[in-house]
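Asks: Got a structure here, written out as structure tokens. Questions coming.
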Amino acid sequence: MKRIVILGAGTAGTMMANHLRHHLEADLWEIDIIDERTEHHYQPGYLFLPFDIYTPEDIIKPIKDYIPRGVNLINDSIDRVVPAENYVQMVNGDRLRYDLLIVATGAKIAPEEIEGMKGEEWQKSVFDFYTFDGALALRNKLREWEGGKLVVHITEMPIKCPVAPLEFAFLADSYFKDKKMRDKVEITYVTPMSGAFTKPKATAALEHLLDEKHIKIESDFAIERVDNEQKMIVDYGGREIPFDLLVTVPTNKGDEVMARSGMGDDLNYVPTNKATLQSKNWENIFVIGDATNIAASKAGSVAHFEAEILTENILHYIKGEPMKDEFDGHANCFIETGGGKALLIDFNYTHEPVEGTFPFPGIGPLRLLKESRMNHMGKLAFRWVYWNMLLKGVHIPFVSSNMSEAGKHYD
Amino acid sequence: MDKQIAGTTVQVNEEGYMTNFSEWNQQIGTELAKEANLDMTPRHWEVITYLQTEFKNDVPLSIRKIGKSGVVDIKEFYALFPIAPLKTASKIAGIPKPASCI
């Protein structure tokens, strides 16, 4: 009996458990999945929690409900991986030998990377919304906040879901309008990038929306510290931006387990082949989702497309066949723009997001890079798709793992 | 597109980043620095040389990496190239605009 061990039962790990159990004979392959948590969080939901659009129950389900029969869920903490000897050392002393390892340990925020970020004002006037606790504390703050300077801020790239802070700014605009207090709130969007997004066409469309919603943008801001006394953020060039309420996306890092195992880079991300998703250093280790260092978005949609390709590659690898160099960096993201509308973007390593229709070329019903109510409905419907199809490894109809150029308006 | 600089023609993209590093030389770097209102000092060149070495080794650059490089700390990097330092320095070094992962 051979054994596959999956580290992490988040979006990527859970999908791999479902795909592989479906494809591999139970009498030949044991599959174990390890996670120290018991709850699975629908992370895109964190965006909606502060604005009272979602409740905690919408976001949290038990991990075990999504792990298929025939896969052992090990609810315990990992000390480290010893890749040279093919085993996982658990904190409780157990050693788990593996024939094939899948790293799906994700990424998390590290506010301690910036001086003063996790200081006196943390969760008083400085908040994150990339954790459940952070989003919930921010919801409680927003319920009673009377207005002032709201600064929405990205510390450094890469971050999970790079459009989430923009969506936060748009939803805040909408939220304060609904509360009839938009005139009491000044919203500023602060980014280390030179514009609202990394790709030119989407940047233009998004900056137009920021302008329309009277959200000021401060770009090229590389934060040095948070000044808790004077309530401002200061960059290395000495630029100061004052705030009454700072909503920041702290530095994102891969899991500490990868650092302890000597498998990560300076941000604990695992060096990974961007097309096959095989570890660059160990041939029987594969990496998926936010844990990799590949230049694709750290997003559930990316993990979903990766999972379909990685499953095929692992099946090839097991049979000793050549793997497919197939992953193209495909990402597909809804961007909430407030007021019950959303944009949709679809892109990959080489093709930037452009206007067009999705998933049916020329028909839609979803429109790329344009605000529409249908896109917003798509985003809300996605929560159902996530819990009922995506995690279970059910293929989402009409949406292929590799990006399609059809129906898109490239120059 | 073509750009006339320091008496030669080099290839640049629409944002002014050189697209063929082999066309770069220090005179071109000096001229590119002038366009960014910078006078190059030996210290500037040390940083530029570091960036070019990393580029040749296919190491993606970030402000964080430069801060940990041991060549220059972030504070000094900003003092040397005050406005959008990584982009400005990359342009002067004749290497592509740093890609922030998305």
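Asks: Out of all the residues in segment A:369-407, which are aliphatic (A, V, I, L, M) and over 25 Å from A:Tyr54 (Cβ atoms)?
Replies: Listed by number, the residues that qualify are A:Leu369, A:Met403, A:Ala406.
Listed here are the residues, each with its yes/no results for (1) in contact with a strand residue (DSSP E or B) (Cβ under 9 Å, 6 or more places away or on another chain); (2) within 13 Å of A:Gly338 (Cβ to Cβ).
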{"residue": "A:Thr131", "(1), (2)": "yes, no"}
{"residue": "A:Arg139", "(1), (2)": "no, no"}
{"residue": "A:Glu146", "(1), (2)": "no, no"}
{"residue": "A:Lys149", "(1), (2)": "yes, no"}
{"residue": "A:Leu166", "(1), (2)": "yes, yes"}
{"residue": "A:Ala172", "(1), (2)": "yes, yes"}
{"residue": "A:Phe176", "(1), (2)": "yes, yes"}
{"residue": "A:Lys180", "(1), (2)": "no, no"}
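Asks: Exactly one of these conditions fails for A:Leu246: (1) closer than 11 Å to A:His153 by Cα; (2) modelled with pLDDT under 95. Give me its number.
Replies: Unmet for A:Leu246, out of (1) closer than 11 Å to A:His153 by Cα; (2) modelled with pLDDT under 95: (2).
For (1) without any contact (Cβ under 8 Å) to a residue 60 or more places away in the chain; (2) in contact with a strand residue (DSSP E or B) (Cβ under 6 Å, 6 or more places away or on another chain), each residue gets a yes or a no:
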| residue | (1), (2) |
| --- | --- |
| B:Lys3 | yes, yes |
| B:Gln11 | yes, no |
| B:Thr19 | no, yes |
| B:Glu23 | no, yes |
| B:Pro42 | yes, no |
| B:Glu46 | yes, no |
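Asks: Before we move on, is B:Thr8 surrounded by fewer than 17 Cβ atoms within 10 Å (Cβ to Cβ) and over 11 Å from the mean Cα position of the chain (by Cα)?
Replies: The answer is yes for B:Thr8.
Asks: Mind checking which strands (runs of 3 or more DSSP E) fall wholly inside segment A:37-119 and carry at least 2 residues that are more than 23 Å from A:Asp290 (Cα to Cα)?
Replies: Correct list: A:95-97.
Asks: I'm checking my understanding of the structure. Among residues of segment A:234-259 that are within 24 Å of B:Asp73 (Cβ to Cβ) and over 25 Å from the mean Cα position of the chain (by Cα), which one is farthest from the other protein chains (Cβ to nearest Cβ)?
Replies: A:Ile241
Residue by residue, here is whether (1) crowded, with 23+ Cβ neighbours inside 10 Å; (2) under 30 Å from A:Ser372 (Cα atoms) holds:
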residue	(1), (2)
A:Ile288	yes, no
A:Ala291	yes, no
A:His304	yes, yes
A:Ile318	no, no
A:Lys324	no, no
A:Gly329	no, yes
A:Ile335	yes, yes
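Asks: Further question on the same structure: Can A:Arg373 be described as within 27 Å of A:Gly13 (Cβ to Cβ), in contact with a Gly (Cβ under 8 Å, 6 or more places away or on another chain), among the charged types (D, E, K, R) and not assigned by TED's automatic domain parsing to the domain that holds A:Glu30?
Replies: no
Asks: Can you tell me which condition A:Lys216 does not meet? The list is (1) outside any strand (DSSP E or B); (2) more than 14 Å from chain B (Cβ to nearest Cβ), and all the others hold.
Replies: That leaves (1) as the condition not met.
Asks: For A:Leu343, which of the numbered conditions (1) in contact (Cβ under 8 Å) with a residue 60 or more places away in the chain; (2) in contact with a strand residue (DSSP E or B) (Cβ under 7 Å, 6 or more places away or on another chain); (3) part of a helix (DSSP H, G or I); (4) not assigned by TED's automatic domain parsing to the domain that holds A:Gln43 fails to hold?
Replies: Unmet for A:Leu343, out of (1) in contact (Cβ under 8 Å) with a residue 60 or more places away in the chain; (2) in contact with a strand residue (DSSP E or B) (Cβ under 7 Å, 6 or more places away or on another chain); (3) part of a helix (DSSP H, G or I); (4) not assigned by TED's automatic domain parsing to the domain that holds A:Gln43: (3).
Asks: So, A:Met181, is that one more than 20 Å from A:His351 (Cβ to Cβ), of a type in the set (A, V, I, L, M) and surrounded by fewer than 21 Cβ atoms within 10 Å (Cβ to Cβ) or not?
Replies: yes
Asks: Please verify whether B:Gln27 is more than 14 Å from chain A (Cβ to nearest Cβ) and either loosely packed, with under 12 Cβ neighbours inside 10 Å or assigned to a loop (DSSP other than H, G, I, E, B) (or both), treating the condition exactly as stated.
Replies: Judged against the criteria, B:Gln27 is not a match.
Asks: Of the residues that make up segment A:193-212, is at least one within 14 Å of chain B (Cβ to nearest Cβ), touching a helix residue (DSSP H, G or I) at 6+ places or on another chain (Cβ under 9 Å), of a type in the set (S, T, N, Q) and under 23 Å from B:Phe77 (Cα atoms)?
Replies: yes
Asks: Now, a different point. Hey, can you tell me all the residues within segment A:271-286 that are of a type in the set (Gly, Ala, Ser) and either surrounded by 22 or more Cβ atoms within 10 Å (Cβ to Cβ) or in contact (Cβ under 8 Å) with a residue 60 or more places away in the chain (or both)?
Replies: Scanning segment A:271-286 gives a single hit, A:Ser279.
Asks: Sticking with this one: So B:Ile95 passes all but one of these: (1) buried (at least 16 other Cβ atoms within 10 Å of the Cβ); (2) of a type outside the set (Gly, Ala, Ser); (3) within 11 Å of another protein chain (Cβ to nearest Cβ). Which condition number does it fail?
Replies: Of the numbered conditions (1) buried (at least 16 other Cβ atoms within 10 Å of the Cβ); (2) of a type outside the set (Gly, Ala, Ser); (3) within 11 Å of another protein chain (Cβ to nearest Cβ), the odd one out for B:Ile95 is (3).
Asks: Determine if segment B:37-46 includes at least one residue that is of a type in the set (Phe, Trp, Tyr) and buried (at least 18 other Cβ atoms within 10 Å of the Cβ).
Replies: No - not one qualifying residue is present in segment B:37-46.
Asks: For segment A:293-319, enumerate the residues that are β-branched (Val, Ile, Thr) and either touching a Lys or Arg at 6+ places or on another chain (Cβ under 6 Å) or free of Cβ contacts under 8 Å to residues at least 60 places away in the same chain (or both).
Replies: A:Ile294, A:Val302 - these are the residues of segment A:293-319 that are β-branched (Val, Ile, Thr) and either touching a Lys or Arg at 6+ places or on another chain (Cβ under 6 Å) or free of Cβ contacts under 8 Å to residues at least 60 places away in the same chain (or both).
Asks: Of (1) more than 13 Å from every other protein chain (Cβ to nearest Cβ); (2) surrounded by fewer than 15 Cβ atoms within 10 Å (Cβ to Cβ), B:Lys75 satisfies all except one. Which?
Replies: Condition not satisfied by B:Lys75: (1).
Asks: Right, here's the next one. Against the condition on the phi > 0 side of the Ramachandran plot, within 13 Å of chain B (Cβ to nearest Cβ) and buried (at least 18 other Cβ atoms within 10 Å of the Cβ), how does A:Asn268 come out, does it pass?
Replies: For A:Asn268, the condition - on the phi > 0 side of the Ramachandran plot, within 13 Å of chain B (Cβ to nearest Cβ) and buried (at least 18 other Cβ atoms within 10 Å of the Cβ) - is met.
Asks: Pick from segment A:179-192 the residues that are over 20 Å from A:Glu156 (Cβ atoms) and among the hydrophobic types (A, V, I, L, M, F, W, C): which of them is nearest to the other protein chains (Cβ to nearest Cβ)?
Replies: Across segment A:179-192, the extreme among qualifying residues is A:Ile187.
Asks: Which of the residues belonging to segment A:378-411 are in a loop (DSSP other than H, G, I, E, B) and more than 22 Å from A:Gly356 (Cβ to Cβ)?
Replies: Correct list: A:Leu391, A:Lys392, A:Gly393, A:Val394, A:His395.
Asks: May I ask you to list the residues in segment A:143-170 that are more than 14 Å from chain B (Cβ to nearest Cβ), in a helix (DSSP H, G or I) and surrounded by 21 or more Cβ atoms within 10 Å (Cβ to Cβ)?
Replies: Across segment A:143-170, the qualifying residues are A:Glu167, A:Phe168, A:Ala169, A:Phe170.
The values are calculated or read from the model by the stated rules, or taken from the named source; none is laboratory data. The model shown is predicted, which means the values in this text are computed figures rather than measured ones. Virtual Cβ from ideal backbone geometry, glycine too; neighbours counted across all protein chains shown.
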